[in-house]
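To keep things clear, I will list the structure first and then write my remarks on it.
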Amino acid sequence: MLSKLKTNAAVAIASRVNVLYCSRSFLSRTLLCTFLLLACIATKAQAEEGKTYTNSQDFQLHGFISQGIIDVNGSDFVNDDGELSTELTEIGLNISYQLTNNFRLAGQVVYLDGGNRYAQGARVDYALLDWSAFTDEHWQANIYLGRFKNNHWLYSSSRDIPFARPSIILPQSVYFDGFRDIAVGSDGIAAKLSHSTDEYGNFDFQLSYGSSPISDEQTKNILSEYAQGSAEQDHDAQASIYWQPAFSPWRFGVSLLDAGFTYDSAGPAKGDFFYDSDFTFQFYTMNAIYEGEKWEFSGEIYQQRFTIDGFYFPAFKLDNIGQGFYLQSRYKLTQKLTFLARYEDFYLDKDDKDGKELEESTGGAIPYYFGFHKDITLGVNYDFTSNFSIRAEYHWVRGAGRLTPVVAPNPEINNSEDWQMWAVQLMYWF
């Protein structure tokens, strides 16, 4: 019965991806089709032999289903009417198949519904070929080809799995949901080099280069609901290094990102009053995490540079340096019950932290509170079983600097400097 359910899940998600995701790169789509075909064949074969996924050394199939309710008062973070919403759905299927000792296929498809946070529908988070190029007592080198997963930030490798991340809504100062699909992974190549010794601890060096497709809905979420043209990411180059001292509960990291985007206007004849434009986004972070028996402390501090050349009119220029950080703690009261507390702060322009210059430069069209974002979060997680949990959290937010759309904000709906939200989510995984 379980095998039948898993096969049906694979087929259902495959059909959604086939319809909604046909514009992906050829390599990613080929790998994904291979994963889903292997899932169906292996599921049937293992069912006939009475085997389970957990005792298969070469093939692994896992998934998750999460559903919740969310209520936002004072912004369009989820919806425009401010009503209680069930747009808190995450369904995923991930597959791994060990081809040989040195080569592995891995992929994940998800269906998401998060309201205004990101586009509703199915997408491929990653679909890659993992090559273990070198391994010895102290060193390991891996090359990833296809749609690889972003592992550069503290929670970037777990943000796509509800039960693996620390909260329902991650700190938007770093993990902005408006950029979710672009930030999760890229089509291209990545490399990871790990070094481990008893004297100096563990080091991870990572490099990646690629790009992500941007759908029409993503274009509207990022730029403006009135943008009728098409956006494209030209490149996304990232690097990071992490160090965990020997026998230490602490881990420290630094990451760098440089990305370029273009917007091709559809022209006034098609109702597009924006112009061809170029965007650059540079993002630099430092982070640390402590993982003890009961306590966990983590934080990230970053600086970003965002430039616009065009868009509003051909000669328009913008070059902003923004800054932000968050500090987070989790306490495990019992084996089943965990509490969370977090504070985050973000400024769109480090030289205009109160947003007054933003409001003056736009003649009052964009209020000052779009220049920053501050959030105090309290949360709780309870594990009913090893694979079934419930999570709840409440946010007190000041500012609209992390709401979509980004480039041309919507002050008509977001007319409050202070707003709150709460969310409850049930999570099941297998």
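Listed values, structure above:
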quantity	calculated
Subset of Lys270/Lys317; Lys192/Lys317; Lys317/Lys353; Lys192/Lys350; Lys149/Lys220; Lys336/Lys374 violating a 27 Å alpha-carbon distance limit	Lys192/Lys317; Lys192/Lys350; Lys336/Lys374
Charge sum, other residues only, whose C-beta stays under 15 Å from Trp243's C-beta, Lys/Arg counted +1 and Asp/Glu -1	-2
Cα-based Rg of segment 232-285 normalised by 2.2 N^0.38 Å, two decimals	1.92
Top positive-direction residue, dipole computed over segment 2-429 with Cβ charges, set Val78, Ser416, Ala190	Ala190
Contact order relative to length of the chain, as percent, for alpha carbon pairs under 8 angstrom and 6 or more apart	13 percent
Percentage relative contact order, segment 322-430, counting C-alpha pairs under 8 Å, at least six apart	23 percent
In Å², nearest 10: area of Val406 left accessible to a 1.4 Å probe	50 Å²
Top positive-direction residue, dipole computed over segment 259-341 with Cβ charges, set Thr307, Gln335, Gly324	Gln335
Expected-Rg normalisation [2.2 N^0.38 Å, Cα atoms] applied to the chain	1.00
Environment charge at Asp113 (Cβ cut-off 10 Å; Lys +1, Arg +1, Asp -1, Glu -1)	-1
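The values are calculated or read from the model by the stated rules, or taken from the named source; none is laboratory data. Everything quoted here is computed from the prediction, not taken from an experiment. Every residue, glycine as well, gets a Cβ built from its backbone with ideal geometry; the counts of neighbours run over all protein chains shown. Accessible surface is based on the protein model in full, side chains and every heavy atom, while ligands, DNA and RNA are left aside. Shrake-Rupley method; radii C 1.70, N 1.55, O 1.52, S 1.80 Å.
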